[in-house]
Amino acid sequence: MIKGLAITPPVLGRISIGKIVEKNGKRLPEKDDQFTITSQIQNKDGWVKHPLDEQLRAKAPNQKLRSIPVRMIFNDPELNLRAEYTLFDRQTGRPVCVGNGETCQRLTQQGVEQLPCPSPDLCPLAQGGQCKPYGRLHVNLDDSDELGTFIFRTTGYNSIRTLAARLSYYHAASSCLLSCLPLQLTLRGKSTTQSYRTPVYYVDLTLRDGINLKDAIQMAQELDQQSKAAGFEQDALDYIARAGFNNAVFELQEDEGMQIAEEFYPEQIEQIEPSQQRSSQPQSNIHEALTLQQGLRQSVRSVT
């Protein structure tokens, strides 16, 4: 395997809850109250919609796409949801510093160094709000390409915290059969004092409509048995994916960084929590969300 190049899941398209609009000659992010599924191609009007967007929207109430049936590719929650504090160079799109609240990989004049990560509130390099929690959720949408993914990118605290919790809970409750569960992305709204009582939207991960947890686990067990009988090795797939993510110092590529700079700077599509405002306290809740998966995963292993 070529070194220095992160081998990430093949991306077939994007899932977003916002869009880029042009105002006064500037391209700015605009919030939305529904999902949009796009291809990886842009034209003068923005991202070109994926055919699945129209198919799913036709079945949705009032053609508002607020839930998407999905399947996880991996059993390990941390392989499906990648989340770190990330500081981008907005001119080049390259990551400058990536950390988890404990340690970080930082690009310096001496090269890439591993340093302590005190979280954005206490980090001198992060002053000005340029370092944010950044999450990428990889999901599969249909059987036409069972190893291809659609990626949902977010700097939103609500989505990262909720997705991290759900993935860890479902992973534990299903005896590590996360990839076999019938799941869906669900758009939720909430109002906060900071949002002046207007709704802000974030992404949740739930069981598909009409399926309870007991039935979902039984379905997952049956699918797991069928896959093993056919010779499918989920553990081997997780192992290879983990090695691919770790094959480079920085997982993010330059083109992705430029997209993030456009979509999430200077404004965020998602509203952040009041507790995320600059203060003398670190963002402990964000850190808990980023480390929740690892802790629960270790607990499940100790039990099994």
* Asked: If you scan the stretch 8-33, which residues turn out to be of a type outside the set (D, E, K, R) and surrounded by fewer than 16 Cβ atoms within 10 Å (Cβ to Cβ)?
  -> Pro10, Val11, Val21, Asn24, Gly25, Leu28
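Looking at Pro133, Pro124, can you tell me which residue is at pLDDT below 95 and closer than 23 Å to Ala241 by Cβ? Give the steps one after another, and end with the answer.
On the way: Pro124 fails: closer than 23 Å to Ala241 by Cβ.
Only one candidate passes the filter, namely Pro133.
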* Structure fact -> Those residues of the stretch 184-236 that are among the hydroxyl-bearing types (Ser, Thr, Tyr) and crowded, with 17+ Cβ neighbours inside 10 Å come to a total of 3
* Where residues in the stretch 86-106 are buried (at least 21 other Cβ atoms within 10 Å of the Cβ) and in contact (Cβ under 8 Å) with a residue 60 or more places away in the chain, which of them is farthest from Gly18 (Cα to Cα)? -> Gly101
* Pairs, first among the acidic types (Asp, Glu) in the stretch 121-138, second surrounded by fewer than 19 Cβ atoms within 10 Å (Cβ to Cβ), C-beta under 8 Å, six or more apart -> Asp121/Arg278; Asp121/Ser279; Asp121/Ser280; Asp121/Gln281; Asp121/Pro282
* To do: Quick one: Ile73 ticks every box in (1) buried (at least 21 other Cβ atoms within 10 Å of the Cβ); (2) in a strand (DSSP E or B); (3) touching a helix residue (DSSP H, G or I) at 6+ places or on another chain (Cβ under 8 Å) except a single one, so which number is it?
  => (2)
* Structure fact -> Here the residues within the stretch 100-142 that are over 17 Å from Arg153 (Cα atoms), in a strand (DSSP E or B) and of a type in the set (Gly, Ala, Ser) are Gly111
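Listed here are the residues, each with its yes/no results for (1) under 23 Å from Arg166 (Cα atoms); (2) at pLDDT 95 or above.
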{"position": "Gln40", "(1), (2)": "no, no"}
{"position": "Pro51", "(1), (2)": "no, yes"}
{"position": "Glu54", "(1), (2)": "no, yes"}
{"position": "Met72", "(1), (2)": "yes, yes"}
{"position": "Asp89", "(1), (2)": "no, no"}
{"position": "Arg94", "(1), (2)": "no, no"}
* For Ala172, state whether it is at negative phi, buried (at least 21 other Cβ atoms within 10 Å of the Cβ) and at pLDDT 95 or above. => no
* Structure fact -> Note on the stretch 210-256: residues part of a helix (DSSP H, G or I), without any contact (Cβ under 8 Å) to a residue 40 or more places away in the chain and aliphatic (A, V, I, L, M) are Met219, Ala229, Ala236, Ile240
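So which residues in the stretch 126-151 are within 14 Å of Thr86 (Cβ to Cβ) and either surrounded by 15 or more Cβ atoms within 10 Å (Cβ to Cβ) or in contact with a Pro (Cβ under 6 Å, 6 or more places away or on another chain) (or both), if there are any at all? Explain how you work it out, then say what you get.
Going through the stretch 126-151, the residues within 14 Å of Thr86 (Cβ to Cβ) turn out to be 126, 129-136.
If the condition is that a residue be within 14 Å of Thr86 (Cβ to Cβ) and either surrounded by 15 or more Cβ atoms within 10 Å (Cβ to Cβ) or in contact with a Pro (Cβ under 6 Å, 6 or more places away or on another chain) (or both), then Ala126, Gln130, Cys131, Lys132, Pro133, Tyr134, Gly135, Arg136 are the ones that fit.
Being more than 18 Å from Ile73 (Cβ to Cβ) and surrounded by fewer than 23 Cβ atoms within 10 Å (Cβ to Cβ) is the filter here; which residues of the stretch 159-168 pass it?
Here is the first cut: in the stretch 159-168, the ones more than 18 Å from Ile73 (Cβ to Cβ) are 159-162, 165.
Answer for the stretch 159-168, where residues must be more than 18 Å from Ile73 (Cβ to Cβ) and surrounded by fewer than 23 Cβ atoms within 10 Å (Cβ to Cβ): Arg161, Thr162, Ala165.
The values are calculated or read from the model by the stated rules, or taken from the named source; none is laboratory data. Only a predicted model underlies this, so the values are computations on that prediction, with no experimental measurement involved. Glycine gets a Cβ as well: all are built from the backbone with ideal geometry, and neighbour counts include every protein chain shown.
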